[in-house]
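Enquirer: Please find one structure pasted underneath; my questions will follow.
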Amino acid sequence: MSEVVRLTLVSHAMTDATAAGRFPTDEPLNQLGHRQADATVELGVVDAAYCGPEKRSRQTAELLGVSAVVEPQLADLDFGGWCGGVLDRVPPADLAVWLDDPARAPHGGESVVDLLSRVHGWMDSLASARGRIVAVTHPAVIRAAILVALDAPPKSFWRIDIAPMSRTVMHLRGQAWTLRSN
């Protein structure tokens, strides 16, 4: 029987931007986020842990008691000129382009296709790993990982909801990822 990688992707806890519907900056968790992370059950045995470089991911990992290595490939989607802004202030035509065409980034940041490529590269790097891996990251990164695992089209990206402190579990057997429902 071949070794299996069990990857648990944890979405960072609540921030003020998440609560207000703003595009995030490198911000800390808010009070609710601290309570969410403190109330989370144990992750169990972890063989390796990673987190995105942003403060909200690092804080969530710390509150979960995980000594995580900062992994740049787990960084949030780059929102470019929209960082810190409110969704309803984005020109509707620009928002429509971004939501309808995953290869475009009218905000000067990263496209969904670019994010998928980055996350796919990171997931490919886990092929030689073994055991239980935890990655504390962002909803966009977790959406991308799900699309990679399912070999789903990039246009499906916005159809997946990832809540703060949610967990998504995947297994890698050989070269195939499977998604596990909890």
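Enquirer: If the requirement is being open to solvent by 70 Å² or more (accessible area, probe 1.4 Å) and among the β-branched types (V, I, T), which of these qualifies: V10, V45? Don't jump to the end; show me each part of the working.
Expert: Values: V10 fails: open to solvent by 70 Å² or more (accessible area, probe 1.4 Å).
Criteria check complete, one pass: V45.
Enquirer: To continue, here is another question. Would you be able to tell me the number of residues in the range 29-62 that are in contact (Cβ under 8 Å) with a residue 12 or more places away in the chain and farther than 27 Å from R132 by Cα?
Expert: Looking only at that region, the number is 2.
Enquirer: Also, quick follow-up: Could you say whether any residue in the range 63-81 is open to solvent by less than 20 Å² (accessible area, probe 1.4 Å), assigned to a helix (DSSP H, G or I), of a type outside the set (V, I, T) and free of Cβ contacts under 8 Å to residues at least 60 places away in the same chain?
Expert: Among the residues of the range 63-81, not one is open to solvent by less than 20 Å² (accessible area, probe 1.4 Å), assigned to a helix (DSSP H, G or I), of a type outside the set (V, I, T) and free of Cβ contacts under 8 Å to residues at least 60 places away in the same chain, which makes the answer no.
Enquirer: Every residue in the range 1-30 that is assigned to a loop (DSSP other than H, G, I, E, B) and polar (S, T, N, Q), please. Break it down stepwise before answering.
Expert: We begin by selecting, within the range 1-30, every residue assigned to a loop (DSSP other than H, G, I, E, B); these are 1-3, 12-15, 21, 23-30.
Selection gives S2, T15, T25, N30.
Enquirer: Without any contact (Cβ under 8 Å) to a residue 60 or more places away in the chain, under 29 Å from R6 (Cα atoms), loosely packed, with under 14 Cβ neighbours inside 10 Å and not charged (D, E, K, R), is that true of S111?
Expert: Working: without any contact (Cβ under 8 Å) to a residue 60 or more places away in the chain: yes; under 29 Å from R6 (Cα atoms): yes; loosely packed, with under 14 Cβ neighbours inside 10 Å: no; not charged (D, E, K, R): yes.
No; evaluated as a whole, the condition is false for this residue.
Enquirer: Identify the single condition in (1) without any contact (Cβ under 8 Å) to a residue 60 or more places away in the chain; (2) buried (at least 21 other Cβ atoms within 10 Å of the Cβ); (3) over 18 Å from V70 (Cα atoms) that L150 does not satisfy, given that it satisfies every other one.
Expert: Among (1) without any contact (Cβ under 8 Å) to a residue 60 or more places away in the chain; (2) buried (at least 21 other Cβ atoms within 10 Å of the Cβ); (3) over 18 Å from V70 (Cα atoms), the lone unmet condition for L150 is (2).
Enquirer: Please determine, by comparing only the residues of the range 115-144 that are under 11 Å from the mean Cα position of the chain (by Cα) and farther than 20 Å from L99 by Cβ, which one is surrounded by the fewest Cβ atoms within 10 Å (Cβ to Cβ).
Expert: A135
Enquirer: Turning to a different aspect of this structure: All but one of (1) aliphatic (A, V, I, L, M); (2) more than 22 Å from T18 (Cβ to Cβ); (3) surrounded by fewer than 19 Cβ atoms within 10 Å (Cβ to Cβ) hold for L87; which doesn't?
Expert: (2)
Enquirer: Which residue, of R132, R143, is under 30 Å from V45 (Cβ atoms), of a type in the set (D, E, K, R), in contact (Cβ under 8 Å) with a residue 24 or more places away in the chain and out of contact with any Pro (no Cβ under 7 Å at 6 or more places or on another chain)?
Expert: On the way: R143 fails: in contact (Cβ under 8 Å) with a residue 24 or more places away in the chain.
Being under 30 Å from V45 (Cβ atoms), of a type in the set (D, E, K, R), in contact (Cβ under 8 Å) with a residue 24 or more places away in the chain and out of contact with any Pro (no Cβ under 7 Å at 6 or more places or on another chain) holds for just one of R132, R143, which is R132.
Enquirer: Follow-up. Could you tell me whether the range 92-99 includes any residue that is crowded, with 19+ Cβ neighbours inside 10 Å and of a type outside the set (G, A, S)?
Expert: Within the range 92-99, the subset crowded, with 19+ Cβ neighbours inside 10 Å is 98.
Subset that is of a type outside the set (G, A, S): 98.
So far as the range 92-99 goes, yes, one or more of its residues are crowded, with 19+ Cβ neighbours inside 10 Å and of a type outside the set (G, A, S).
Enquirer: In this structure, does R104 turn out to be over 30 Å from G174 (Cα atoms), buried (at least 21 other Cβ atoms within 10 Å of the Cβ) and not hydrophobic (A, V, I, L, M, F, W, C)?
Expert: Numbers: over 30 Å from G174 (Cα atoms): yes; buried (at least 21 other Cβ atoms within 10 Å of the Cβ): no; not hydrophobic (A, V, I, L, M, F, W, C): yes.
Considered against the rule, which asks whether it is over 30 Å from G174 (Cα atoms), buried (at least 21 other Cβ atoms within 10 Å of the Cβ) and not hydrophobic (A, V, I, L, M, F, W, C), R104 comes out as no.
The values are calculated or read from the model by the stated rules, or taken from the named source; none is laboratory data. Note that the structure is a prediction, hence the values are computed from the model and not measured. Cβ coordinates were reconstructed from backbone atoms using ideal geometry, including for glycine residues, and neighbour counts include every protein chain displayed. Remember, those area values only see protein heavy atoms, side chains included, never the ligands or the DNA or RNA. Shrake-Rupley method; radii C 1.70, N 1.55, O 1.52, S 1.80 Å.
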